[in-house]
Every structure is written in C-alpha cells, then in structure tokens.
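Accompanying notes for the structure given below.
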Amino acid sequence: MLQNHIDVKSSVPAARPASDRIIDEALRAVRDHLDMPIAYLSEFVDGRSVFRHVNAPGLEHMIAPGDSRSLDEVYCHHIVDGRLPNLIPDTSAFELARSLPVTRETPIGSHVSLPIHRGDGSVYGMFCCLSPVPNPSLNDRDLKVMSMFANLAAEQVREQLERDGDRSAALRRTTGMLAEAAYDMLFQPIYRLGDGHLASFEALCRFRSESYRSPDIWFADARRAGLQVELEMAVIRAAVRALPDLPAGVRLAVNASPDTVAEGDLLPIFRAAGADRMTLEITEHEQTTRIDHLSRAVAALRDEGVRIAIDDVGAGYAGLHQILQLKPNVLKLDMSLVRDVHSDPARRALASALVRFAGETGAHVVAEGIEHAQEWHALRRLGVDYGQGWLMGRPGAIEDAAPFVRI
C-alpha cells in the first residue's frame, strides 16, 4: 500500500504555524508589561538584522516583518559583545548609544534586548523592546520578565529551525530520488475469497537507496518537502504502465491521498490506460480541507468506470464521514482488523458490521493483511468478498501470481 499523506497543494490559505503565534503573543505580552510601543524578534542574516516578528500597533510604517538594517547601525552586536547592557532605561546615559545615528533617527529613548540562541549556542538574533522616550522605571525585575518571554520565543525559534532543517534534508532526498526515478513497482495479488480466483493487483512502491528506508518514510519526506503530489503522480504513472501485462479481466489498484485526487490530474492518466480496469484506493491519515474538490474528482473518475476504494477502514484513518461523502465501491479492511479475526470476537463483530454496511450501500469488501488460513475462512464466512496478504502472495512481479489459490 502506498503511504498516503495530506497537506500539499490547497486552495485554502495555510494557517500560521503555532510557533509564530506563540512568538507574536510573547512580544505583545512583554511590550504591554514594559509599556513600550515597539517589540520585535530579529534574525542576523549576512551582516543585517532582519525583523522576523514585530508587535508595534500604529507604528507599522516604521517597522514591519521583513524589514532589515545593517548590524553596524543598530544596538544588537554591541549588546551581544557586551559594549552595551541588555537594559537601557535612558539611552542618553551611554556614549555609544548616543553616537549611533539610529538613536536619533528612530528615535530610541529606552531599550531592552536579549540575544536569542540557536540549538548549537550561536546567536540567532535579538528579542527586543524599545521606546522613543526614556523609561527610568525599568529595572532588573523587568529584565527577568523580558528573559522569560525571550526564552519562550527562543524555544519556538529552535523548534522551527529544526523543522526547517528537516524539510531541507527531505527536499534534497526527495528531489534526488525523483530525478533518478529511484523506485520500483511491485504488485500484490488480490483474490476472491469465495473461489480463490485472481481478481486484481495492488501496485506497491519500493524505493532504492543505500540505506533502506521504508515507503512510509519516503512519503513522509515528500509531504515535508511539499512534493507529495509529485511523488504520488510519478508512482501512479509507473504503475499504470503495467496494466497491459495484467491477465484479461484483472484490475489494477493504485493509491493516492485525498489532496492528490483533488488536483484532478488522475482522470487523463486512467482514461489513457483503461479507466474501466482501474481501482483508486484513497486513504486519509490527516484531514483534508479540499473535500469539495475531492468529491468532484471522484465523481469524474467513477463516471469513467474507475472503482473508488476507501483504504484502511477500521484503522481509525478512514472515518465514516469520508465513507459517506465519497460513496465508495470498495471498503478495504485494515490489517489491524483482519489480524486474528477468527479468534477475536470484537474484530469479528466489527468486520461483520462493515460487511453489512457495504451490502446496504452496494460496495464490496476487501480484507488486507491475511496471513493465516483461519483468517481467510473466517472472513469468507462473514461475507468478505476479496482478500490479499502473504498467505496468498507477497508483492512481486505480475507473472509470479497464481491464477487462483486454494486455502
């Protein structure tokens, strides 16, 4: 089964990361506490102080996220190097502060600032508050409050830097793998439980790398890198090239996440390959925000003869809302539900309920992950239509599958 993941391309604006909201709230809180009109968090980039987060109501014309100034013009590196203190109630009391043009231009009458450090101890930037007028009431207790909020912001910065580093690494790995098409398609047979005849194959992707990385890790990388749709589409194109090699009457199932389906680009691929022999398995390990696009794409595929399957039913991923919304032709019971179904009354009861539901809606049921003959027989007695698993055949070449099996 292709590992399916969400959140690639969306017409809905992405919500701001929680780390950004926490930093913004920290700046607002410390600015209110110190009664200073401007608070910001900056990053040192190539000799400049870049304002990443700003809280300055009514003064947005003076300072905004993305603005920058040379480090030679501002207090930052003087504070880091100890030439100016972290707490400056009155800038006129310090000759170095008086000599800097920014003190007059802004103007800056009082200033409180603390360095923000990366995980390796290097300085990322500054957490700062300033006012155009002196504030002689500022004291060490205020600096301690400032330090508390600066530490909170620093934790968010370090977490974001780690995520960005993970994303950059994932992007390098995924783009390299896609450029080399470093993956192979295997095919696992699916049999009718009633008579053991071969009914279809599910296309499975395996990746080539020096150190083995399972498919779920590769697809997670693609999601982090923003390349989930590209990877899933490349794998599906590779899979459908095998359709002419399938025995007559045997279908091919491929996997895609809801957001990939919602893009609407699968229809021409399936149509060219032979849509009436294709099954599309959709799984949802995270919530999609594109349910309307998804529904329209699914309807167009179904009109061409593509069977729509909901994957991982019973695992908690494929929820009832998705099943009701998409009206699938096939429900695939997750292997966690199939395992020991012959000896577990709870699993058996749930599987039986899903079979009844499928019967009422005109859908078929496929059980995946069958490893023991007792599971096969129990599922057949429950009315499950099809099954796949190591008991009948492991993923491999199409020609290795038996035309029928007897269990």
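Computed from the coordinates by the stated procedures, all read-outs in this text should not be read as laboratory data. Everything numeric here is computed off the predicted structure, so don't read it as measured data. Glycine also receives a Cβ, built like all others from the backbone with ideal geometry; neighbour counts cover every protein chain displayed.
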### Task
Could you work out how far apart the two model spin labels at Ser147 and Arg21 are, taking each label as a point 7 Å from the Cα in the direction of the beta carbon, and quote it in nm?
3.0
#### Entry: 0 to 90° range, to nearest 10: angle between helix 215-225 axis and the chain longest Cα axis
40
### Query
For Ile38, which sequence-distant residues (separation of 5 or more, or a different chain) have an amide H within less than 5 Å of its own amide H, given hydrogens modelled in the peptide plane?
Leu130
### Among Thr260, Ala239, Gly176 the positive-end extreme of the charge dipole of the chain (Cβ point charges)
Ala239
### Summary
Least to most buried among Tyr212, Tyr40, Tyr191, by other C-beta atoms within 10 Å and fewest first, runs Tyr212, Tyr40, Tyr191
### HN-Hα J in Hz across region 68-77 - Karplus 6.51, -1.76, 1.60, θ = phi - 60°, x for Gly and Pro
8, 9, 4, 4, 5, 9, 10, 6, 3, 5
### Summary
With Cα springs under 10 Å, the Gaussian network model of the chain assigns the largest mean-square fluctuation among Arg224, Arg380, Arg16 to Arg16
### Message
Helix-only mean residue ellipticity at 222 nm, the chain, DSSP H runs n ≥ 4 weighted -39,500 (n - 2.57), per residue, nearest 500. What is it?
### Response
-12000 deg cm²/dmol
### Query
Considering the chain as a Gaussian network with a 10 Å cut-off on Cα pairs, which listed residue, Pro136, Pro247, Pro395, attains the greatest mean-square fluctuation?
Pro136
## Note on the structure
Taking 0.36 nm per residue of separation between Glu371 and Asp90 and subtracting their Cα-Cα distance, the length gained on full extension comes to 93.5 nm
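For the pair Asp166 and Thr361, what calculated FRET efficiency results from E = 1/(1 + (r/R0)^6), where r is the Cβ-Cβ distance and R0 = 30 Å, to the nearest 0.05? Spell out each step's value before the answer.
Details: r = 41 Å, r/R0 = 1.38.
It comes to 0.15.
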### Task
Would you grab the residues whose amide H sits under 5 Å from the one on His117? Only those 5+ places off in sequence or on another chain, please, with H modelled 1.01 Å from N.
Tyr124
#### Entry: In range of the label at Arg213: residues from region 142-170 whose backbone nitrogen is under 19 Å from the point 7 Å along Cα→Cβ
162-170
## Note on the structure
Along the dipole axis of the chain (charges at Cβ: +1 for Lys and Arg, -1 for Asp and Glu; origin at the Cα centre), the most positive-end residue among Phe270, Leu331, Met36 is Leu331
### Summary
The relative contact order of region 18-164, taking Cα pairs under 8 Å that sit 6 or more residues apart, comes to a percentage of 26
#### Entry: Linear extension gain, Ser122 paired with Asp245, 0.36 nm per residue minus alpha-carbon span
38.5 nm
### Query
Looking at Val74, His61, Pro85, which one has the Cα that reaches farthest to the positive end of the dipole of the chain (charges on Cβ: Lys, Arg +1; Asp, Glu -1)?
His61
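Quick one: dipole size for region 181-400, taken about the Cα centre, charges +1 on Lys/Arg Cβ and -1 on Asp/Glu Cβ, in debye to the nearest 20.
Charge dipole, region 181-400, about its Cα centre: 340 debye, nearest 20.
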### Task
On a 0 to 90° scale, report how tilted helix 373-382 is relative to the longest principal axis of the chain, with both axes built from alpha carbons and the result rounded to the nearest 10.
80
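Kindly identify region 181-400 as rounded, prolate or oblate by the Cα gyration tensor criterion: order the square roots of the eigenvalues as a ≥ b ≥ c, call it rounded if a/c is under 1.5, otherwise compare a/b with b/c, prolate if a/b is larger, else oblate.
Working: a/c = 1.41, a/b = 1.25, b/c = 1.13.
Cα axes put region 181-400 in the rounded bin.
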### Query
What is the Cα centroid distance between region 358-407 and region 245-310, reported in whole angstrom?
21
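Considering just Cα atoms, how many Å³ per residue does the convex hull of the chain enclose? Can you show the working numbers first?
Values: hull volume 74.2 nm³, N = 407.
Per residue, the Cα convex hull of the chain comes to 182 Å³.
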### Summary
Measuring from the longest principal axis of the C-alpha atoms of the chain, the long axis of helix 18-34 (C-alpha) lies at a number of degrees, nearest 10, equal to 20
